[in-house]
Amino acid sequence: MANYRELWESLGVDLKKHDELCAVLPEFFEEIYLSQNDRPENMNYFNFVVSEIHGYRIQELADHKEKGAKVVGTFCVYVPDEITFAGGGIGIGLCGGSDFWIPDGEKVLPRNTCPLIKASIGAKLGNTCPYFSSADLLVGETTCDGKKKAWEILGEYTPVHVMDLPQMKREKGKLHWMDEIKIYKDKIEELTGTEVTKENLEKSIKLINDKRRALQRLYNLRKEENLPISGKDALLITQIAFYDDPERFTEKVHALCDELEKRAAEGVSVFAEGTPRILVTGTPMAIPNWKMHHLIETSGGAVVCEETCTGVKYFQDLVNEDNETMEDQLRSLTDRYLNINCACFTPNDGRIDDIIRLYKEYKADGVIYYSLPFCSTYAIEYKKVKEALEKEGIPVIMIETDYSLQDAGQIKTRLEAFFEMLDAPEK
Ligand code: BJ8
């Protein structure tokens, strides 16, 4: 990585602590990613993004900021990036996926809090993530209780705007969410000094839809009988989608898909024939949380799809691009975003339908229900999901685990037993 110390210092990053973080990532990435066999050549761009994880993009953001742009950090896929970009802001997803940030999070949060929340708060409070330091505004949302209360603490250290997400998808919830999107628009305009117009919103809807289309194309290739890309690599790409430049990202994903299509036509597979195909569902996996996928793919399985926010929830629905007025655009945004099926909603039967549909579309052999500890919404929802899947004859196991590797051996044993139990795929 080039030398970015001056840049990090100017952002107020704690250099000494940050060095500790930077020292472990390359080895970790090498072991999990670079050691894979037969990776597509076009993964090189995404390898580069990781090798420069706190460098290249941070420099880009600093350059944009120098020209007057504002950086907006988010933690949830319900926050509409289209509004951020239309107002001349740059949206970046900030959820923390590393154990490294947990101790700093635990200084202000109870230990029995979800690791995603602890790591996100810890990354900000410990000044060890230059993305947090680059953000002019953080946007929280009223999803789970842990997040809701964490924003109050985060707000003591940095400007935070909270979007009030309804918890039921009724008509009045929809109207409320549209109102929240309008308030968010006003907030962005106030921050950037740029008016969100029908024209710039039209452009940003297209920009973000294009990114979604690229990811849809990538995921469609994972439906192939011969898998041209590993689940780990696909996960990495989706994680990078949250903070990379959207236009460049879209172009790079399409370049990769061109290569994958060729591989598919030639019957190239990165897994041996008969490897059980796994659908992962549950809580999001923020970068660099690659634990579950790595364990699955080194225990004899292949991940073919993620029904998570770092998977299809992020891109499966597009925003309608055919709008006559700005009011129509805002309604289209409302409809698209409220179609996401997070466990913080009640009821949330749409998620069960999605899991069953995806299981069939991706020709999966089994489902792994992944949950971070202390995420009660996802943990409780397991009962309904399990019952519905069993009714369909779909094998499922739940694995609850945090970011540490202490339980890796135990999880591997459970996974191996699960894969053994799955019938050899004959589809
Ligand atoms: S739309 S899943 S990104 S809220 S922080 S709910 S893991 S206890 S992240 Fe989420 Fe938006 Fe829903 Fe997706 Fe559980 Fe942890 Fe809460 Fe979490």
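The values are calculated or read from the model by the stated rules, or taken from the named source; none is laboratory data. Remember, predicted model here, so these are calculated numbers, not experimental data. Here the Cβ positions follow ideal geometry from the backbone for every residue, glycine too, while neighbour counts run over all protein chains shown. Side chains are part of the model used for accessible areas, which takes the heavy atoms of the whole protein and leaves out ligands, DNA and RNA. Shrake-Rupley method; radii C 1.70, N 1.55, O 1.52, S 1.80 Å.
So here's what we get for this one:
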{"item": "Neighbours by Cβ (under 8 Å, 6+ apart or cross-chain): first from segment 17-41, in the same structural domain as G126 (by TED's automatic domain parsing); second aliphatic (A, V, I, L, M) and open to solvent by 90 Å² or more (accessible area, probe 1.4 Å)", "result": "C22/M1"}
{"item": "Tabulated pairs, segment 109-128, first over 21 Å from V13 (Cβ atoms) and at pLDDT 95 or above, second open to solvent by 20 Å² or more (accessible area, probe 1.4 Å) and small (G, A, S), C-beta under 7 angstrom, 6+ apart or interchain", "result": "T113/G146; C114/G146; I117/G146"}
{"item": "Considering residues of segment 76-91 that are open to solvent by 10 Å² or more (accessible area, probe 1.4 Å) and not in a strand (DSSP E or B) only, the residue nearest to L154 (Cα to Cα)", "result": "C76"}
{"item": "Qualifying positions in segment 124-150 - open to solvent by 10 Å² or more (accessible area, probe 1.4 Å) and among the acidic types (D, E)", "result": "D136, D145"}
{"item": "Elements of type helices (runs of 4 or more DSSP H) contained in segment 1-63, each with 1 or more residues being within 24 Å of D233 (Cα to Cα)", "result": "15-29, 44-51"}
{"item": "Set I205, I181, I153, I121: member being open to solvent by less than 20 Å² (accessible area, probe 1.4 Å), out of contact with any Asp or Glu (no Cβ under 8 Å at 6 or more places or on another chain) and assigned to a helix (DSSP H, G or I)", "result": "I181"}
